[in-house]
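The values are calculated or read from the model by the stated rules, or taken from the named source; none is laboratory data. Everything numeric in this text was worked out from a predicted model, so none of it was measured. Cβ coordinates were reconstructed from backbone atoms using ideal geometry, including for glycine residues, and neighbour counts include every protein chain displayed.
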């Protein structure tokens with residue numbers, strides 16, 4: 001009887017050791033899973049934060065574009081010549097590097113911040129435009145090859161032809177009183193939004 005009891009106790013001791021190892025392995029697995037979940041939550045928070053910053057920047061750029069459009073309407077009679085102080089240029093400037101990515105450090109870019117005298121093209125700084133402290137600047141180009149009137153000789157502008165108000169009601173036939181066609185010049189507004197990320 002005594003030897004049988006000793007054999008039983010030995011088996012229980014060996015089983016206790018195996019259970020301890022299994023418990024430790026399960027505990028390590030649970031710890032790794034918890035760490036992975038925490039990292040996943042952190043990544044999700046960063047992605048959500050980046051999306052909110054992007055939406056804020058887009059909203060600021062929309063406001064800046066609206067300011068540029070308002071300026072153009074108020075200065076409609078002065079759009080045939082350059083106005084660098086207002087960020088307006090009456091030509092396309094096809095060789096201009098607007099983003100600064102083509103020739104980094106070159107002199108064919110835009111002075112967006114107003115602090116780079118080497119850049120010949122100046123944008124107009126609108127300043128802070130909303131409660132998020134985002135700032136904005138804009139640059140307006142008339143899509144013509146030359147300054148001056150869109151109808152000048154050798155001038156080439158990107159235009160859209162629209163039908164002006166007219167009528168053929170009292171004309172004997174359509175050929176004797178054609179509808180008036182008006183060419184509307186295209187303009188390009190480039191906006192830049194700069195924000196400050198806060199923790």
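Before moving on, here are some points about what is shown:
- Some residue of the stretch 90-112 being farther than 30 Å from residue 151 by Cβ, in contact (Cβ under 8 Å) with a residue 24 or more places away in the chain and surrounded by 12 or more Cβ atoms within 10 Å (Cβ to Cβ): yes
- Every residue from the stretch 138-152 that is in contact (Cβ under 8 Å) with a residue 12 or more places away in the chain and either part of a loop (DSSP other than H, G, I, E, B) or surrounded by fewer than 16 Cβ atoms within 10 Å (Cβ to Cβ) (or both): 143, 145, 146, 147, 148, 149, 150
- Residues in the stretch 153-176 that are modelled with pLDDT under 55 and surrounded by 14 or more Cβ atoms within 10 Å (Cβ to Cβ): none.
- Which numbered condition residue 60 misses (of (1) within 14 Å of residue 192 (Cβ to Cβ); (2) over 22 Å from the mean Cα position of the chain (by Cα)): (2)
- Just one of the listed residues (128, 190, 135) is closer than 25 Å to residue 59 by Cα, surrounded by 15 or more Cβ atoms within 10 Å (Cβ to Cβ), at pLDDT below 90 and touching a strand residue (DSSP E or B) at 6+ places or on another chain (Cβ under 7 Å), namely 135.
- When residue 72 is tested against (1) touching a residue at least 60 places away in the same chain (Cβ under 8 Å); (2) crowded, with 18+ Cβ neighbours inside 10 Å, only condition (2) is not met.
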